[in-house]
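Everything below concerns the one structure shown next.
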Amino acid sequence: MPVSAADPQKTPRAVEGRAPDVFRIGGWVPMRQYAESEEVDFAIVGTGAGGGTLACKLAEGGFSVVGFDAGAYWRPLEDFASDETEQSKLYWTDDRIVDGENPLQLGGNNCGKAVGGSTVHFAMVSLRFRPEWFKSRSVMGYGLDWPLDWREMWKYYAEAEEALKIAGPVTYPWGPKRPRYPYRAHEMNAAAHALAKGCEAMGIGWTETPLATVSAPRGLSSPCMYRGFCVVGCSTNAKQSALTTWIPRALKAGAEIRDLSMVGRVEVDASGKATGVHYLREGAWRFQRAKNVVVAGYAIETPRLLLNSANPQFPNGLANSSGLVGKYLMTQSNQAVWGLSKDEVRSYKGPPSLALTEHWNYDDKKDFFGGYAYMSQGPLPAMWAKTQMSSRQLWGAELVRSMQDYNHVVGLKMVGEMLPQERNQVVLTGEKDQYGLPVPKVTYSWCDNDKAMIRHALGFMRQAMEAIDAHDIFDQDDDTNHLYGTARMGDDPRSSVVNADCRSWDIPNLWICDGSVFPTTGGVNPSLTIQAIACRTGDRIKAMARRGEL
Amino acid sequence: MQAARELNRAAAVLALSVLMDSAIEHYRGSFKNKAMFTPLAVSALALGVSAHGMRDQRAVTHGLRNGAYILTGLTGAAGLAFHTYNVMKRTGGINWQNLFYGAPIGAPAAIAMSGALGSAGERIRHYAPFTPAHIWGLPSGRGLAALTSLGIIGTSAESFLLHFRGAFHNPCMYLPVTLPPIASALMARLAWLPEGSRHPWTRLWLGLTAFLGFGGVAFHAYGVNRALGGWRNWRQNMLDGPPLPAPPAFTGLSLAGLAALRIIEAKRLV
């Protein structure tokens, strides 16, 4: 297989008027380029679910857009291997300091450093919020209200689902009516059937997971062939990531993507408006002028950039008059119950979570706030060995023996809502990373409500596993996943960083568009909601531009 | 006599479609259950006796041939029950997931239809041209029209199920769920009307449906090419892509419809 000679992690690919064609080995597509001296309409920092989507929406709306990403511009067909260790190249593994009572494990699936961001390796689970979560304070008595209305979000969810050709069940059993998923659900693997059987035994509903991987051809994406390496990068392009959907559209509409471009600072002038971004590319710090800056670096990099851009006028960092930049960091509980089935399961075949239940997101007869979903699982071998090491302390001969049962492993894993707490946060330290930027410190502790939910979920999933006669059952009680909350949106400048349009209260031409704006997490995976918010933000920006309000 | 041989030909086309399709699908299923060889054996048998019938000029029912067709029909019926059981026993019972990905209900029905068409051909073979033969209480032409109508609508229903599974991602995927139902309705009408008049539109529409069976193979070949690696990866994509041998079922059934039409229009001469 011909592979480009230069290492895409060392030499930028999106240069000289062209960008990699993600659908063709060694291929290129034309790309418009902007001079650094040219004041582009939007400089977008980050090209994942938030930034990639918004770059597409704005470019298609006629704005000049440059998207910056610290990561490489991959061509999945030629660059991705069926090898977990090799594929860790998709993660953001720069230095971080973690502390708190329950320090987060960073550098894995909760981050991404690539054009397309973590959607390049996400598990493709594409769920909508429960409508009440947008008003969880006033309707459900916990967390915070969002400044968004669920009925408006329903429209943007539909737009994102259509853009990704989500393959989902013919009818979704929970929540208000939604349009039919654009593509049909995938065939369930044995692990998914195990989840379904467990749910039926427990008397709760289940369904096929709506997934961002196509079950029929779509343009140059071939249908999923159930290779199973989805979470370390889909090498067949069945996965509908930002890299294969929004970004090709953005390029076609005239956006430029700059890969291997680490933005270190947003420049703000004396009038208090952003003027552009300083970024490191090919060993030199450069400056791109821009009329608007969008920060979309996810819940650690976004506050790090805002805090690091402090100047005499904004000594506590940009957009931080509320003091909330970096505060109220949230993750989701990702605990699991594992066991062995007497039949071969081969759970690693196909996408990892082909079936799920949202029962405990919609049933409020619980003694804790918030909800959780749980999903069928298909851990890859290295990940499975790591789980056995960390959760069961297996090592050596014992671990080898246990790995021989790999084909019989069956498991259920929760995605649970954790509550926002001020003490969970991202701050800068005095240490410097390879870019010369301050290393962030990430502090995390669970609260009693988080622990009560985890107990409930582990207990319930264990019963479901016992109901399908799994044996050698054990709990994995320490895992977390998605990140949120460090630049939350709200109605009040004193208690939020951005408004409903993702526009910062303090600097009118500075926007934040990623998972950091979530006031609460809900009990589902965030990617679809991030993309729906980005779609909405794109439409709002277009409307404001028409009215001269930018 | 001519109609009877046309029916042999229709049964042959249908049997060939089923033989190829079940060979590919059951190979894909690794012949996990020994019974999965059965459709290969009986459709090969039906194909063999149909070839024999097509060459046979004698106006008499061939006992062995008829027996083989009846066996084919019964096996198809048993397969239908077996596939239904397979769908029902899956978690969730009858739901879209199991209808999409469980054993296809429509496939064994095509075997049954091949046997029924062949056997019908044998039954009308020994009648003199102007003696009305009967199939299930209807004059032979009308009975055959009813059978064809049922077969076409059933095949169209199966293609709806599978094309719905493919989200009708290509607009051409609507063709087999729009054209054949009209052919089916036209045949149902013939089963209702007295025999003896001419039906040029029905003939045309049957021709179109027969052609669709061939066209479908070309579309499915294109579909196989859209999977990763395309035809270069044929060993995988032939199994997982759209089934190449399935669309000619429409051709086989349309040929049977044309045979029915021949009998019905021949009554004008009386």
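The values are calculated or read from the model by the stated rules, or taken from the named source; none is laboratory data. Note that this is a predicted model, so its numbers are computed, not measured. No Cβ is skipped: glycine too gets one built from the backbone with ideal geometry, and neighbour counts run over all protein chains shown.
Data for the structure
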{"read-out": "Output for the range A:190-227, where each listed residue is in contact with a Gly (Cβ under 6 Å, 6 or more places away or on another chain) and either more than 10 Å from chain B (Cβ to nearest Cβ) or of a type in the set (Val, Ile, Thr) (or both)", "value": "A:191, A:210"}
{"read-out": "Given (1) within 13 Å of chain B (Cβ to nearest Cβ); (2) free of Cβ contacts under 8 Å to residues at least 40 places away in the same chain; (3) of a type in the set (A, V, I, L, M), index of the condition residue A:158 fails", "value": "(1)"}
{"read-out": "Any hit, the range B:238-261, residues being modelled with pLDDT under 95 and surrounded by fewer than 17 Cβ atoms within 10 Å (Cβ to Cβ)", "value": "yes"}
{"read-out": "Some residue of the range B:198-218 being free of Cβ contacts under 8 Å to residues at least 24 places away in the same chain, within 14 Å of chain A (Cβ to nearest Cβ) and part of a helix (DSSP H, G or I)", "value": "no"}
{"read-out": "Residue, modelled with the lowest pLDDT, within the range B:123-151, restricted to residues that are within 15 Å of residue B:261 (Cα to Cα), in a helix (DSSP H, G or I) and hydrophobic (A, V, I, L, M, F, W, C)", "value": "B:124"}
{"read-out": "Residue tally, condition β-branched (Val, Ile, Thr) and touching a helix residue (DSSP H, G or I) at 6+ places or on another chain (Cβ under 6 Å), over the range A:53-78", "value": "2"}
{"read-out": "Residue that is surrounded by the fewest Cβ atoms within 10 Å (Cβ to Cβ) [pool: residues in the range A:319-346 that are hydroxyl-bearing (Ser, Thr, Tyr) and farther than 27 Å from residue A:450 by Cβ]", "value": "A:321"}
{"read-out": "Residue tally, condition in a loop (DSSP other than H, G, I, E, B) and of a type in the set (S, T, N, Q), over the range A:290-321", "value": "6"}
{"read-out": "Residue ID - surrounded by the most Cβ atoms within 10 Å (Cβ to Cβ), chosen from residues in the range B:52-74 that are of a type in the set (D, E, K, R) and assigned to a loop (DSSP other than H, G, I, E, B)", "value": "B:56"}
{"read-out": "Residue match in the range B:216-236 (condition: surrounded by 17 or more Cβ atoms within 10 Å (Cβ to Cβ), under 19 Å from residue B:255 (Cα atoms) and in contact with a Pro (Cβ under 9 Å, 6 or more places away or on another chain))", "value": "yes"}
{"read-out": "Hits in the range A:79-100 - residues which are under 10 Å from residue A:233 (Cα atoms) and either hydroxyl-bearing (Ser, Thr, Tyr) or touching a helix residue (DSSP H, G or I) at 6+ places or on another chain (Cβ under 6 Å) (or both)", "value": "A:82, A:84, A:87, A:88, A:90"}
{"read-out": "Options A:133, A:154, A:206, A:150; residue that is among the aromatic types (Phe, Trp, Tyr) and in contact with a Pro (Cβ under 6 Å, 6 or more places away or on another chain)", "value": "A:150"}
{"read-out": "Residue satisfying all of: in the range A:228-280; under 18 Å from residue A:291 (Cβ atoms) and of a type in the set (S, T, N, Q); nearest to the other protein chains (Cβ to nearest Cβ) among these", "value": "A:275"}
{"read-out": "Residue under evaluation residue A:461, criteria (1) within 23 Å of the chain's Cα centre (by Cα); (2) crowded, with 21+ Cβ neighbours inside 10 Å, criterion not met", "value": "(1)"}
{"read-out": "Count of residues meeting criterion [within 19 Å of residue A:528 (Cα to Cα), surrounded by fewer than 23 Cβ atoms within 10 Å (Cβ to Cβ) and charged (D, E, K, R)] in the range A:484-512", "value": "1"}
{"read-out": "Identity of the residue in the range A:14-44, surrounded by 17 or more Cβ atoms within 10 Å (Cβ to Cβ) and either free of Cβ contacts under 8 Å to residues at least 12 places away in the same chain or aromatic (Phe, Trp, Tyr) (or both), that ends up nearest to residue A:550 (Cα to Cα)", "value": "A:42"}
{"read-out": "Residue that is nearest to residue A:408 (Cα to Cα) [pool: residues in the range A:175-189 that are touching a residue at least 60 places away in the same chain (Cβ under 8 Å) and more than 8 Å from chain B (Cβ to nearest Cβ)]", "value": "A:189"}
{"read-out": "Residue among A:100, A:141, A:117 that is surrounded by 20 or more Cβ atoms within 10 Å (Cβ to Cβ), out of contact with any Leu (no Cβ under 7 Å at 6 or more places or on another chain) and touching a residue at least 24 places away in the same chain (Cβ under 8 Å)", "value": "A:117"}
{"read-out": "Filter result (closer than 24 Å to residue A:114 by Cα, touching a residue at least 60 places away in the same chain (Cβ under 8 Å), in a loop (DSSP other than H, G, I, E, B) and of a type in the set (A, V, I, L, M, F, W, C)) within the range A:202-234", "value": "A:212, A:220, A:224, A:229, A:234"}
{"read-out": "Residue pairs meeting the criteria (Cβ under 6 Å; at least 6 apart or on separate chains; first within 14 Å of chain A (Cβ to nearest Cβ) and without any contact (Cβ under 8 Å) to a residue 60 or more places away in the chain, in the range B:153-170; second buried (at least 20 other Cβ atoms within 10 Å of the Cβ) and part of a helix (DSSP H, G or I))", "value": "B:163/B:173"}
{"read-out": "Among residues of the range A:161-171, those that are within 12 Å of another protein chain (Cβ to nearest Cβ) and in contact (Cβ under 8 Å) with a residue 24 or more places away in the chain, counted", "value": "5"}
{"read-out": "Qualifying position, being more than 14 Å from every other protein chain (Cβ to nearest Cβ), surrounded by fewer than 24 Cβ atoms within 10 Å (Cβ to Cβ) and not basic (Lys, Arg), among A:299, A:284", "value": "A:284"}
{"read-out": "Unique residue being of a type outside the set (Phe, Trp, Tyr), closer than 27 Å to residue B:216 by Cα and assigned to a helix (DSSP H, G or I) when the list is B:108, B:104", "value": "B:108"}
{"read-out": "Where residue A:344 falls short, out of the listed (1) touching a strand residue (DSSP E or B) at 6+ places or on another chain (Cβ under 6 Å); (2) modelled with pLDDT of 95 or more", "value": "(1)"}
{"read-out": "From A:11, A:47, residue being part of a loop (DSSP other than H, G, I, E, B) and crowded, with 16+ Cβ neighbours inside 10 Å", "value": "A:47"}
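Results for (1) away from chain A (no Cβ under 14 Å); (2) surrounded by fewer than 20 Cβ atoms within 10 Å (Cβ to Cβ); (3) touching a helix residue (DSSP H, G or I) at 6+ places or on another chain (Cβ under 7 Å); (4) closer than 25 Å to residue B:140 by Cβ, shown as yes or no for each residue.
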| residue | (1), (2), (3), (4) |
| --- | --- |
| B:81 | yes, yes, no, no |
| B:85 | yes, yes, no, no |
| B:95 | no, yes, no, no |
| B:101 | no, yes, no, no |
| B:109 | yes, no, yes, yes |
| B:114 | yes, no, yes, yes |
| B:117 | yes, no, yes, yes |
| B:122 | yes, no, yes, yes |
| B:125 | yes, no, yes, yes |
